Every structure is written in structure tokens, then in C-alpha cells.
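The values are calculated or read from the model by the stated rules, or taken from the named source; none is laboratory data. What you see is a predicted model, and the numbers here were worked out from it, not measured in a lab. We place every Cβ from the backbone using ideal geometry, glycine too, and count neighbours over all the protein chains shown.
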2 protein chains.
Amino acid sequence: MMLFTKRLLVFSLAILLFGAIPQDTNAQQTLNDVKKERGLTDTDVLAATKTFMPRGGRDEYFGFVGTGNSGTMAVYGIPSMRIYKYVGVFSPEPWQGYGFDDESTLMLKKGSLDNRLYKYGDMRYPALAETNGKYNGMYLFYSDGANSRIALLGLDDFETKQVLMHPLFVNAYPGVAVTENTEYVIQTSQYPTPWDGMAADVNADFDSKFKSGVTFWKFVDTEDEAGTGHHIGRMIKEESFTLELPPYSLDFFDAGRMGSYGYVVGLASKGGKNYVYIVDFKTLSTLSTKPVNDFAVVSLKDALAANAVAMIELPTAAKSVKVNPDGKYFITAADESFVFDFAKVKDAFTNKTYTGNADGGIPVIDNAAVKHGSIKLGNGVMDVVFEYRPGIVYSSAFNDKKVIRWNYETMKIEDELALSFKPGQLMVPQGLSAEPHSNYLTVVDKEGLYDNLAEIGPVRPSYQHLIDISSDQMSDIYTMSIPQANLYGSVAVLRTTIKPIIRYPLGTNTRTGEISIYKTVAGQEKIEREGNRVHIFGTMIRSHITPEIVEVNEGDIVTFHLTNLERAEDETHGFTIDTYGKHGSFEPGKTASLTFTADRPGVFPYYCTEFCSALHLEMEGILLIKPKGYKGKKGAVEIVLTDAELQGYKKNYEDKLEVIAATQDVINSVVTFLKENNYQDYPYVEALVVDAFDQLGQAASSKEKHEKYAAEGKWKDAFLWAEQYWQYQVKTADVGLRAKKLLEEKISE
Amino acid sequence: MMLFTKRLLVFSLAILLFGAIPQDTNAQQTLNDVKKERGLTDTDVLAATKTFMPRGGRDEYFGFVGTGNSGTMAVYGIPSMRIYKYVGVFSPEPWQGYGFDDESTLMLKKGSLDNRLYKYGDMRYPALAETNGKYNGMYLFYSDGANSRIALLGLDDFETKQVLMHPLFVNAYPGVAVTENTEYVIQTSQYPTPWDGMAADVNADFDSKFKSGVTFWKFVDTEDEAGTGHHIGRMIKEESFTLELPPYSLDFFDAGRMGSYGYVVGLASKGGKNYVYIVDFKTLSTLSTKPVNDFAVVSLKDALAANAVAMIELPTAAKSVKVNPDGKYFITAADESFVFDFAKVKDAFTNKTYTGNADGGIPVIDNAAVKHGSIKLGNGVMDVVFEYRPGIVYSSAFNDKKVIRWNYETMKIEDELALSFKPGQLMVPQGLSAEPHSNYLTVVDKEGLYDNLAEIGPVRPSYQHLIDISSDQMSDIYTMSIPQANLYGSVAVLRTTIKPIIRYPLGTNTRTGEISIYKTVAGQEKIEREGNRVHIFGTMIRSHITPEIVEVNEGDIVTFHLTNLERAEDETHGFTIDTYGKHGSFEPGKTASLTFTADRPGVFPYYCTEFCSALHLEMEGILLIKPKGYKGKKGAVEIVLTDAELQGYKKNYEDKLEVIAATQDVINSVVTFLKENNYQDYPYVEALVVDAFDQLGQAASSKEKHEKYAAEGKWKDAFLWAEQYWQYQVKTADVGLRAKKLLEEKISE
């Protein structure tokens, strides 16, 4: 009450002195009303202000989070914590036709061991591609824990480009890590199993027939042949290899960088003993291999002979191990966490100062001899992540409901943040690279129980919290809900590091990065038939799918090969055929194919499924599937109009011509401004202007058509094409106005 | 600058008077720092404060939004705009095993016309079930535009319960509407097609063979036989019927309520003419039907003879038509929007004051005779929605980038909100019921272009804006991103109207609502074989899948029938088998089945895929698929421990016993508090306490086991079971503490 009185007094004084309440006080009062009404504290308002994204604002980071068992990857913004996309990776995803169109289906089948389309995946820990240990924003890798697959995603278009099934492992939970120039993508088994696909006697043969392993997938980045500068990196199975290990259960791992480049460190356990394994893959890569199931394997014997693998024993199991930003240390996440010194480990390898052998004859390095220090952090320590400040790390203690900020150089706890939930995996943007940032920390809440966040029946979403770590006092500022997820580790990269494209070279098969042999350009649409096999080479552009009528026979095998001719930003068209359960997504420039057997006779509209303009609903056609024995005439839907109807369309047409003239005035004024202000000096503005003119270029043929139909008195067609022309105009004006706005900003900079 | 100086002066005065800046000023300064750093205005801060959800806060509403072409429904909170779930409806959804487990797959196949599993759906407009015209929070209905299906979802568990494919239509975009007591769920065709599955001559036969129709799906709500009070309403295909209409293209429609109960109004067009059709389904339901494709059809002839259908011509095409909250009017969304008076329409029917016939001989009611008024609202008017205040509606004008608040009684515009984007569909919570609210309005932004919101490659998410309409001045307060969506209409209901369950009766097949014949209880797990058909009757409970080892032969057809024995809140277990691509989600009490052919021999771990406790990773088993001709011994993974290992586990066990004792102290103090404060007087608290004791009940057998193994000197097993016991304790303590907190709140009320 005292405070309230003081504030009243201040306000009264203000009124006294200036005759009115200062402007911000009014806003403050409204803010107070909302606070009171919604039961918010000052801390809440501050948190809200730190995460709210205003119109036109951009997130600082893109986060990529493993969804566990939905098989798709969630892309979200930090700090707004809004989810922007679920990318189909290991499971089919209908929205983008992933696992529905022929190209993505072929990609998935080619990556499987038996040409099968796997429809489920358990998304585990991702890794971002690196150059000199720093995220390059070009690619992302993911492992499928359940089906032992590895995936490559392109971050120019946020699509999956490659999925490979492991020829030896049957599970691969511990995720992926990359070497500092993405020379290799590393993946390991978790539970040991036999590698020969035989059912070994799991009692007697465990040590002899069950194996674990560490795989080095060779990655090669190349540019596309078209010379557009578009990168189409791929993992090369034939140049990859696996290190054979005895049947240890393997867990998380990380790759060294800079001084520790060439090493992988990871967690291993067997018979109640816990270890960090260290693998020298620079040496391994020089050894001879033998093929197992057509995959190159470095035998344990050879690896031991080459002194390329060793173990450090841990007193208790750790939950994770990670290499610090400059590559000098690796640190475990455990109730008692260990910091190991890579320099000392290298010395131990060089001098072979081993203290004995672990199972399978792997030499053991004395823990005490290579450790920098150890520290008791709490109960149920789950994870560890780095930030920008030297020596600073964060660990989560599940049972203690807290995050600990500590220093791995001084081995001292600096701060703790008490949480209202049990924390799981942690993530700092850029945190697994050589240049971590230090403003945000995300913390997984696997339970979402403690505040009963969403009462949506027996199964709930996962949650992730955003913690502000930019000051000495950590604060929990946002609770993000992530549907369809059992959360694991994640990564985030500075948004501006990623260079997204807005269109593909015309006719691109986006899964291979090459120009599709089915690319079709305007005017060259055609239907080809050979026996009961029908290929339709079609195009999509506002607001037409060409051809607009397709006739096939019951039992035909039919493929629609469609190319989206658009060059404009976000002008995606979707495609489906009623009752045939197929769906494709055609981003600007993309060519994709949909194949099905025409086994239900009848008349089936097909249409664009992604809003593309106000005439979106007109973007349709008709598939006529003639039943066996059908004798009807060929023909198109053509409805004869009455005179009254014709006059109605004539009036509509004339009205539209007036609107077109008015819109053209707007376009002209924008064009004048752009030219007078040298738009071509600003690349992004110029790209928009190219878009705008491209739109007008598209419009020309619509103008020809509406004028032709008007001359013939076909007023309905004339009106529809005039409407189409106007749609192009509107798009031109929109893009032009955005270019103008941007140009104005650039000029004033 | 002037303002700044004034404020400085005020602060200076405050310091002068009180010796320190008042407390709130400090917070204000920090807030100002954040505002400055993030470039936010006072308006932004206010918007942030209106939508931020603090820890423990609940959203006022649940929103349900059609995702267009992903085939799943997004559930989100208002005003936080966080997405809580994507519910698999028309497409398979791996996270919950929808279209993966046998039960949901059977449900989907039974609903199809040809026993096929359709894997894609185009989610269109939903409708919430009603009682007396008000949302009852029990069910939701959805249409699949592309594959002409209709779906029923239960809102007690947010799962899909029924999907039916239409026997006549091949597309069904215009969505669904329900009658005021959910007697019927109404669905219509959009593009006319032949109903007999034959390919008619689309030129000559359009008027004679192509049809459109309005279908009335009979809905019956019943309780489950187990008498748990659980409702299992279903659509009854055999009691449903379709009104045959001439080949009009049909668009959105709505059902009358109260005074206009018994009518459906919708948009129709043909040959360039635009209409509202009015159907009297009370009369239709008394007419005789003829089966077409085994579905009851009321012929157009009979409907006309019974005076049960008529048309009102519109001067231009409308985008929507909706019935107002009290059922007196229906209102179109069009550049010139019309308000029609139901009383006058009924008079026209009664007196047959028709002014002629539309195509197909449907009588036409004079527009002027039945309209209450019309109003020019703008360009590209897309939608219309109601709110609480009498007469108030909102319309969106796509081309004008604005939302218009107007009054359909006085026919006057009250206010306009200029937007930075082109608005699409609108939604007010409770807005399509007899009791709309009036605080929020959501507006679809199909383009997301104007502020370049997420640069994630060629295809972007959809956006939806939250508009605060609670005061005279409307304001745009949040931009929500919705991944995998091409947005259409949506609905929202007061959160507290929905009564979600947290568990099922043990052994529930959640798709039928009945107890599964495969229900398995603890101790009755078994494996049954008949030839090459193997049925595993298993159970799941922290942290065991029983049986833990399964042996089958290559080529066997294998089904895991699993029952989740948990009763605790959010204790879902998932299940997958490595490399077999199957996934199931088992919420507490659920029984579901996964069938596959064991065609890859080897050793395949199976495991729980949903985090369930700190011992989640231990919840696994092994499937041994013996290759043809395999002669090995039967056996389990059993690793012999060394003495050192045994002593290590012994120490772990003894440490754990101490932790268990400490945890028990916490539990005891909570129990004392609960008992002393009559927890049983508060139903929700009591439910939590039941949960807590249930957890302790589960724990008993773990205690027996760890003590037994300790007595036998089997220290690893003793430790694991002690750990398990402690997990139950922790859960008990957690639930107990939540019950205590709630009880304290209740007592202080």
C-alpha cells in the first residue's frame, strides 16, 4: 500500500507540474489493467516482452528439435518459440507430399536395405554441418533410433535430401555428430546385436556374436551441375566405414575439433561398468577394411593393433559427454561430472600408458591421469551445454529440478536456477559449435505435469522452456508446447547463417537437386500412353493446372508429372485428385510426380490444395476414368450459357477492366520510384523487382486471352482471364510495394 | 525529446522526495531496456502481456483449426496461441500410432468404401457438437474435402473415433454443420459428379447425370456398456440420408437453430448464377428414400413435391453464409453482404410465393421479399462471424486488408481494423453457437508474405492473427504460425466446457470405446501360436514391457497386443520394434495391437518410445526372429557379473535404500497434511490422492522384488528394483505435493 501511495504522489506531482499525466503513464495504466486481469507479475511482463515477436520482427535463431517418435523434425524460432515447420524426415508427411510423391518415395526406398518404404522413425539427436568447427547453415543430419537410419537435410529449402539405412546396426539412438569440416558424419549403435542378420544364441553367443560399432559416414559437398551455385552434398556409403567394437551398450558421443580433431569420445557400458571410449578415426581411416553386408568394416583387432581405440573408466554411468568449444576438453553429464583433458589423453595414447584392458581387450587409460577435474552437481544430472564465456557450462539436474551454471576450468558452481519441473536435455544456440552464444538456454520438460499445462486428454505435448542466461541472474521466460514429440536433444543456429532459397531452377527434382527428366514448360504439356501406362506432363501456374481434362481407362497406371512454373515468392501449389489419396507439394520451380492405379471409375476433380491467390479455387481440372466397356463420347465440361448469363459476365468483365486500369496506375507509380532510386544497386530489392516484372510477364498471355474472348463475345472466358490478369497485377503491385518499402529503408540507412 | 525530459524530471523528483526510485520504476526501467533492445513499442508490450501464458496459467479457449492438406487437426490455446496437439484424422499420424496400430487402421478401413487405408486428407471446416444450440464440449466433426470423408472426434481424449467415406460424393469441401442437438451432422458435395461411379459424358450428360447433394448423417450419443459414464457417440450410416440436387456447385452452409431449427441454408451456383439454397430437412426426414450405392437418397422430385427446397438468387457470388446466434437471420459474406430474415423465408415456403424456377425446377424466392437488408462492406469479402453483443458481426475484406465490425440489425458499419495482410477466414470463440463470446477474433493470413515472417525456404507456414475485440478499439495482438497447414475455418470452445479424461478403463480399445478382447492384466501375459500366426498378450508399466523376450520364426505373422496398466496422469508408454517401422501409443488403460510379418531375421530390441520415468531407457525387450533352419538354443540375455561389479551394485543398492527412506519421510508428511485437511471433500484433490496411493500400490511388488534379490545376493537386480521402487515413490510424492498445493488453494478460497 505504501508503494501505491508513493506512486500516486509521483503521478499527482506530474499532473501538478505539467498539467497532464505524461504519455507513458497512460500506457502503464492499461498495462496494469491487463496485468491485474490476467494475474501477471512484473516478472511475467518482462518475460512476455523478451519473447513477443512484433509484426515484421525476426527470430534471432532457428531451432531444430528432435520429435522422438513422430519421425519429423520441428523447426522453431528463438525467442518467439513459434514452430514454423515440421519437416518429414523418417515418416511420410502429407503436407509436402513427402513419401507420397514418386521422387521422395524413391529417395526413401533407395536408402532402405530392402527397397521398402519405412513409415516410422524415432528422431534422435541432430547435428548441424560445420566449416572450421562453426555452423555453416547448409545441412543438418539426423538419426533414426528405431530403424537405424541416418538423414541429410538441406537448409536452403528445409527438405530431406537423403536417408540411408545402416547395413549393420539395428538401432542407433545416440544420434549424430560431425567433424569440424563435415568430412564425416558419425553414428553409433546403442544395444549390441549380431551384424549378420542371424539370430544368435543370446545367452551363449553374446560376447562372440553380438557387436557394437562406430560408423563414419563420408560426406561430400558439391555444387549442382546447372551452375546455379546450389549445393547438393551427399553422404557416400561406398566411402564410409564402421569400427567394430565388442558388445558394449553405446550412448552419446561427440567429435573433437581443432587440437582434438581426429578423435571421437563417447559413452559405453558393459556388465555394470561405465566408460568413455576414445576413437582415433584419423588412424582408423588409413586401415584396411573388410566388407560385412557390403559395408566397409575396420576390425577390432586391426584397430587395437593400430592403437586407435581406448577407454577411460567412470565411477558411475554418465548421461552425456561433449567436447568443449575450443576442443581442449570433453565433459560428462553425471551427478559427479568429469572434465577430461584431451592433451593428456593424447599423451596416454602416444605413450601407451594403459592400466589394463576392458572387455574385448580395449586398453584402459587411467581416469585420474587424464582428468582435469570432477565436480558433484546434484541428483539425476542429464545434460551439459556450453556458452560463449570461457569455461562456462550448464548442467540439468532432473531430480533436483534445477539448472546449474558452473565453470569447467575452475571446477566451481557459479549459479543455480530452481525450476518448477524436472529438466531434461539442454541447448544453447550455436552451443555445439566452436562459437556458442550466450543469451538463451532451452530446457526440455518431458513431463509437463507440474502445472497441468494442457488438459487435452490422456496424452500431452512435450514442453521446452526458454531460459534467459544473458545476465548473472538466469530466468525462465517462456514455456513452449511441442506437439507430437518425445523430446531429445536439439540444436539452434543464428538465423542469418542460413541462406534460404525462395525458388528452384525450373524443373528441379528437389530430392536429387537435379533437373527432372519430367520437367515440363508452358505450351509443352502432353499426355503419353503406352499400353495401360499413362504419363501426364503438366504444369501449374496461377490459376491453371494444364491439362485441365484427362481421360484414362479403368485399370490404367497413371502418373501426373507436374512442374510449378511460378518464380514468385511463396507461390507453392499443391495437388490432389479426389478420392485417390495422393498429395504433392510443388514449390516454385519444382517438378514432382504422383503415380496411382486408376481402379475406381468415375469423374474425379483434381485441384490445387495450397492457397495461391484469390482464384485458388478455380485452379482445378477433371480426371475422367472410363469404366471397362465404356463407349461414351470424348468431351469436356462445357456448359452453354443463356443470354442473361452472358450479359452478366459481360458486365463483370467491363467492371474488371476498370479495376485493372486503377491497379496499373499503382504499379506505374511504384516502377517510377524504383527506377529513379536505382533499385538494381540493392540485390534483395532487385530480386523482388525481378519477381514483380516476372509477374507482369506472366500476365501478358492472360491479357491476350481476355481480349480475344471478349472479341468473340465469350464473356465468361473473357471475365475469367481478365480476373486472372488482375491477379498477376495485384501480385506485381504487392511485390513492387514490398520492394519500394525495402528500398526506402536501404536509402535511409 | 520533450516527453523524455518530462519523465526524467518526474524520476528526479521521486528520488528527491523518497530517496530512491520507487520499486516499480526499477521494473519499468528494465522493461524499457528490453523494449529498446528489441525495438518494441508500448502497443507491442501490451499485446505481449495479453497473450503471455505464465507458469500454471490456463488458456481460456481451445481452438481447433483445419490444417487443409496435412489431414490432421491442430489443437491450440487462446490467447497463448500455443499448439498442443496435431490429432491424426484423415492421414496416418505416427506419434499416436494412428493408422499404425490395428485398431485405428481397422477403424479407417471400415469407414472406406473399399476396405482401403486412405493416407491423405484435405481437412476442411469443423463443427463442434451442440446441446440446445450450445457447444457441449463432447465431440467435433470434420470433413475431408479431397476424399469425401467425414470424421468424428471425441473431446474427452482428443482422438478420432469414426471416419466414414461418402458413398455418393467424390468431394466435400464445404465442411460440416450440426443441428442444435447434434441430431444430424450435415455435409454437402462441392463439384457435381455422377453418383453411380460411372464416367458420364461430361459434355452431353452434365444436366442429366451429374448431381450434387446435401447429406444428413444421423448422430446418436450413447454411454459405454461398462457404465463408466464414458460417451461413445457415433454416426449411423444406415439412418442417414442424402437430398439429391441438380448439378449445382455447392459451397458453405449452416444449420438453423431455435426458431429456424429444421432448415439448412447454403451457397449454390450454376451457369454464372448464384443462390442461397434453403432445405427443410424436418420435412425431408419424413419422405421415403431409395438406395443409391446402398445409401438412402431423397429424390429431387419428392423433395420438390413436398415443398422442402427453394432458392434465393444473389446478385454476385458469396463466400460464406451463416446463421446468427438466435437463429433469426442468415447472413452472406460478400462484397455486398445480405441479411435474410428466416421468418420471411418460412412465410414464403408456407405461402409458396415463388417467383419462378431455377435449374432443375427448384422454386425461387424473391430476394427482396425475404431480405432484412444488404450492405456494401469492401472488396474481396471472405467471411462473417458473430460475437456476444446483439447484432454485431465481423467480416474480412481480403483485397482491402481490413476487418469490418458491423451491425446486422441496424445495417451500419461500426468500426474497421486496418491489417498489414490480406485476411481470410475469421473465428470468434463460441462464435458458431447460440452463445458466442466477445473477447477474441482470429484471422487467417494465408500468405504470410507481407512481413516475410519465416524464411524457411520456398514453402512457408500458414499464419493466424489474434485480434483483441474486447473494447471499442480492435487491436492485432499476436501472429501465430501454424506448420503443415493451408488454413480454413476453425472453431473454439471455452476450455472448461471440455471434460478431458486422464485414463481409460483398463483394456480399452480407444477407437471403439469398448473393452478390447486383447486386454491383458499383470501376471496373465502370454504368447500364443497357431501355425505361423503368433499373438503376444503383453503389458506395459514403469519400467517393464512384459514379456521381455519374444522368440518367433522368420515368416511368422506376429501381433503384439499390449495393455498399459498405468493409472497415473500422463503415463503414456510408446512401443516400437527396431527396423520394423511400427509404432503404437499406449495411454493409461489403453489396449492396442501391432501386427507385422517377421520377414527380417535377427535380434531386434523393442522399447518404450515415450519418456515415462528416469528409468524410461530400461523399458525394453528383445525380439528374436530365428532364420529359416535356425537350430540354436532358446535363451535370454543374461550376463554374468564379476565380483567387483557385484560389489558396485551392492553399494548402489545400499545408497538407494537411504534415498528411499528420505523420500518416504516426504510422502508421510504430505499424507498427514492431506488427511488432516479432509482431502476427500474436494473431488479433484481426491482424484490426485487416489493416483498417489495407486502409485504406492504399484510400488509394493517392486519392494518385494528388491528385498528378495538382495537376500539372494543378486545386487544388480536388487538395485534396479530398488530404483524402480523409488521411481514410484517419487511419482507418489509428486502427485501428493500437487494435491497438497491444490488443497491449500481450496482451503484458502
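Say whether the condition of being modelled with pLDDT of 90 or more and either away from every other protein chain (no Cβ under 12 Å) or within 24 Å of the chain's Cα centre (by Cα) (or both) is met by at least one residue in the stretch A:446-458.
Checking the stretch A:446-458: not a single residue is modelled with pLDDT of 90 or more and either away from every other protein chain (no Cβ under 12 Å) or within 24 Å of the chain's Cα centre (by Cα) (or both).
Restricted to the stretch B:556-591, and to residues that are more than 7 Å from every other protein chain (Cβ to nearest Cβ) and among the acidic types (Asp, Glu), which residue is farthest from B:Arg503 (Cα to Cα)?
The initial filter retains those residues of the stretch B:556-591 that are more than 7 Å from every other protein chain (Cβ to nearest Cβ), namely B:556-568, B:571, B:573, B:575, B:577, B:580, B:584, B:586, B:589-591.
Keeping just the survivors that are among the acidic types (Asp, Glu) gives B:556, B:566, B:571.
Numbers: B:Asp556: 34, B:Glu566: 8, B:Glu571: 9 Å.
If we take residues in the stretch B:556-591 being more than 7 Å from every other protein chain (Cβ to nearest Cβ) and among the acidic types (Asp, Glu), then B:Asp556 is farthest from B:Arg503 (Cα to Cα).
Does B:Leu117 satisfy the condition of being farther than 27 Å from A:Ile467 by Cα and at pLDDT 95 or above?
Taking the combined requirement at face value, the residue does not satisfy it.
Please state which one of A:Ser208, A:Ser240, A:Ser212 is assigned by TED's automatic domain parsing to the domain that holds A:Gly272, surrounded by fewer than 17 Cβ atoms within 10 Å (Cβ to Cβ) and of a type in the set (Gly, Ala, Ser).
Values: A:Ser240 fails: surrounded by fewer than 17 Cβ atoms within 10 Å (Cβ to Cβ); A:Ser212 fails: surrounded by fewer than 17 Cβ atoms within 10 Å (Cβ to Cβ).
Only one candidate qualifies: A:Ser208.
Being touching a Gly at 6+ places or on another chain (Cβ under 9 Å), buried (at least 23 other Cβ atoms within 10 Å of the Cβ) and on the phi < 0 side of the Ramachandran plot is true for just one of B:Leu506, B:Leu494, B:Leu453. Which residue is that? Talk me through it step by step, then tell me what you get.
Details: B:Leu506 fails: buried (at least 23 other Cβ atoms within 10 Å of the Cβ); B:Leu494 fails: buried (at least 23 other Cβ atoms within 10 Å of the Cβ).
Residue meeting the stated conditions: B:Leu453.
Just checking, how many residues over the stretch B:96-116 are in contact (Cβ under 8 Å) with a residue 24 or more places away in the chain and in contact with a Gly (Cβ under 8 Å, 6 or more places away or on another chain)? Talk me through it step by step, then tell me what you get.
Step one: list which residues in the stretch B:96-116 are in contact (Cβ under 8 Å) with a residue 24 or more places away in the chain, which gives B:96-98, B:100-104, B:106-108, B:111-113.
Narrowing further to those that are in contact with a Gly (Cβ under 8 Å, 6 or more places away or on another chain): B:96-98, B:100-101, B:104, B:108.
Looking only at that region, the number is 7.
In the stretch A:592-616, which residues are modelled with pLDDT under 90, more than 7 Å from chain B (Cβ to nearest Cβ) and under 30 Å from the mean Cα position of the chain (by Cα)?
A:Cys612, A:Ser613, A:His616
Restricting to the stretch B:494-509, give me the number of residues that are within 29 Å of B:Thr43 (Cβ to Cβ) and more than 8 Å from chain A (Cβ to nearest Cβ).
Number of matching residues: 1.
Which condition number in (1) surrounded by fewer than 24 Cβ atoms within 10 Å (Cβ to Cβ); (2) in contact (Cβ under 8 Å) with a residue 12 or more places away in the chain; (3) out of contact with any Lys or Arg (no Cβ under 8 Å at 6 or more places or on another chain) is the one that A:His583 fails?
All conditions pass for A:His583, except number (1).
Residues B:Tyr728, B:Tyr679: which one is surrounded by 20 or more Cβ atoms within 10 Å (Cβ to Cβ), under 39 Å from the mean Cα position of the chain (by Cα) and over 25 Å from A:Gly380 (Cβ atoms)?
Every option except B:Tyr679 fails the conditions.
Got a number for residues in the stretch B:690-714 being over 19 Å from B:Ala733 (Cα atoms), basic (Lys, Arg) and part of a helix (DSSP H, G or I)?
Residues meeting the conditions: 2.
Scan the stretch A:692-719 residue by residue and report those that are touching a residue at least 12 places away in the same chain (Cβ under 8 Å) and either assigned by TED's automatic domain parsing to the domain that holds A:Arg567 or surrounded by fewer than 22 Cβ atoms within 10 Å (Cβ to Cβ) (or both).
Of everything in the stretch A:692-719, those that are touching a residue at least 12 places away in the same chain (Cβ under 8 Å) and either assigned by TED's automatic domain parsing to the domain that holds A:Arg567 or surrounded by fewer than 22 Cβ atoms within 10 Å (Cβ to Cβ) (or both) turn out to be A:Phe693, A:Asp694, A:Leu696, A:Ala699, A:Lys703, A:Lys705, A:Tyr709, A:Ala710, A:Gly713, A:Lys716, A:Asp717.
Which of the residues that make up the stretch B:37-53 are surrounded by 15 or more Cβ atoms within 10 Å (Cβ to Cβ) and polar (S, T, N, Q)?
B:Thr49, B:Thr51
So which residues in the stretch B:117-173 are out of contact with any Gly (no Cβ under 8 Å at 6 or more places or on another chain), under 22 Å from B:Val292 (Cβ atoms) and outside any loop (DSSP other than H, G, I, E, B), if there are any at all?
B:Ile150
So, in the stretch A:29-71, of the ones that are in a strand (DSSP E or B), more than 8 Å from chain B (Cβ to nearest Cβ) and not hydrophobic (A, V, I, L, M, F, W, C), which residue ends up farthest from B:Asp578 (Cα to Cα)?
Ranking the qualifying residues of the stretch A:29-71, first place goes to A:Tyr61.
Looking only at the stretch B:271-285, count how many residues are within 11 Å of chain A (Cβ to nearest Cβ) and out of contact with any strand residue (DSSP E or B) (no Cβ under 7 Å at 6 or more places or on another chain).
First, the residues of the stretch B:271-285 that are within 11 Å of chain A (Cβ to nearest Cβ): B:271-274.
Next cut, out of contact with any strand residue (DSSP E or B) (no Cβ under 7 Å at 6 or more places or on another chain) only: B:271-272.
Going through the stretch B:271-285 one residue at a time, the tally reaches 2.
What do you reckon, is A:Ser320 farther than 18 Å from A:Thr193 by Cα, among the hydroxyl-bearing types (Ser, Thr, Tyr) and surrounded by fewer than 17 Cβ atoms within 10 Å (Cβ to Cβ)?
Answer is no for this residue.
Do we have any residue at all in the stretch A:90-112 that's more than 15 Å from A:Leu152 (Cα to Cα), of a type in the set (D, E, K, R), out of contact with any Asp or Glu (no Cβ under 7 Å at 6 or more places or on another chain) and away from chain B (no Cβ under 13 Å)?
The answer is yes, given that some residue of the stretch A:90-112 is more than 15 Å from A:Leu152 (Cα to Cα), of a type in the set (D, E, K, R), out of contact with any Asp or Glu (no Cβ under 7 Å at 6 or more places or on another chain) and away from chain B (no Cβ under 13 Å).
Which of the numbered conditions does A:Ala200 fail, given that it passes all the others? Conditions: (1) modelled with pLDDT of 95 or more; (2) in contact with a helix residue (DSSP H, G or I) (Cβ under 6 Å, 6 or more places away or on another chain); (3) over 30 Å from B:Ile456 (Cα atoms).
(1)
Test each condition in (1) surrounded by fewer than 17 Cβ atoms within 10 Å (Cβ to Cβ); (2) more than 14 Å from chain A (Cβ to nearest Cβ); (3) farther than 14 Å from B:Tyr184 by Cβ for B:Asp221 and report the one that comes out false.
Failed condition: (3).
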